[in-house]
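So the structure is just underneath, and the comments pick up after that.
The values are calculated or read from the model by the stated rules, or taken from the named source; none is laboratory data. All values derive from a computational prediction rather than experimental measurement. Glycine gets a Cβ as well: all are built from the backbone with ideal geometry, and neighbour counts include every protein chain shown. All accessible areas refer to the heavy atoms of the entire protein, side chains included, with ligands and DNA or RNA removed. Shrake-Rupley method; radii C 1.70, N 1.55, O 1.52, S 1.80 Å.
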Amino acid sequence: MAKYEELKNSGIFPLGESVAEFKPYFTGTSYLNMLVTDPQFNCPIGNVTFEPGCRNHWHSHEGGQILLVTGGEGWYQEEGQAARKLTVGDVVTIPAHVKHWHGAAADSWFTHLAITTNPQLGGTNWLEPVTDEEYAEVEG
C-alpha cells in the first residue's frame, strides 16, 4: 500500500496537508489542497485525498457540492440510499441539504476535487460519524 510520501506529488494535484480543523469530522486521515479560494469566483475547489478506509462523517452542504473523482476508489452514500462505488472519472452532484458521506475504499487511497456550489448560502453541517458497522456494510 502506498504511503503519503510516495503519493505526495504523484497525482494530478499535490496532496496538501492533513488539516487539524477537519480531524473531528473524519475517521482516518485526509489531506486537503485548496486549489481555488478567491471569492470573486464564488466556487471554492479543494483537492481532497483520503487514506485507505478514511471517510468523513455524515454531513450536508447549505449550497450543495460537486465531487470529481481523480484517483483511487471510494464510496458515496446519501441517507436512505445504497452506497455508490466511485472510481476515476465519476462525477457526483450533491444537492443542498442532502445528508451524505464519502470516503476511501478499505484497500485504496481515494482523491476527489470537492467543488462548493453556492457558498454564499452557508457551509457544511457536520453530523454523526459513519459507524464501523455502516462502513463494513458498504465494503461488503
* **the range 99-114, residues that are assigned to a strand (DSSP E or B), among the small types (Gly, Ala, Ser) and within 17 Å of residue 140 (Cα to Cα)** => 103, 104
* To do: Answer with yes or no whether residue 93 is touching a helix residue (DSSP H, G or I) at 6+ places or on another chain (Cβ under 9 Å), open to solvent by 50 Å² or more (accessible area, probe 1.4 Å) and closer than 18 Å to residue 46 by Cα.
  => no
* Structure fact -> Reported set for the range 115-131 where residues are within 15 Å of residue 100 (Cα to Cα) and either assigned to a loop (DSSP other than H, G, I, E, B) or free of Cβ contacts under 8 Å to residues at least 60 places away in the same chain (or both) is 123, 127, 128, 129, 130, 131
* Structure fact -> In the range 36-48, residues that are surrounded by 15 or more Cβ atoms within 10 Å (Cβ to Cβ) and more than 16 Å from residue 123 (Cα to Cα) total 2
* Of all residues in the range 75-98, which are in a strand (DSSP E or B) and either in contact (Cβ under 8 Å) with a residue 24 or more places away in the chain or hydroxyl-bearing (Ser, Thr, Tyr) (or both)? -> 75, 76, 77, 86, 87, 91, 92, 93, 94
* Structure fact -> Considering residues that are of a type outside the set (D, E, K, R) and in contact with a Ser or Thr (Cβ under 7 Å, 6 or more places away or on another chain), the number found within the range 48-73 is 15
* **Options 97, 112, 102: the member that is at pLDDT 95 or above, more than 13 Å from residue 50 (Cα to Cα) and not polar (S, T, N, Q)** => 97
* Within the range 54-74, is even one residue open to solvent by 40 Å² or more (accessible area, probe 1.4 Å), within 19 Å of residue 138 (Cα to Cα) and without any contact (Cβ under 8 Å) to a residue 24 or more places away in the chain? -> no
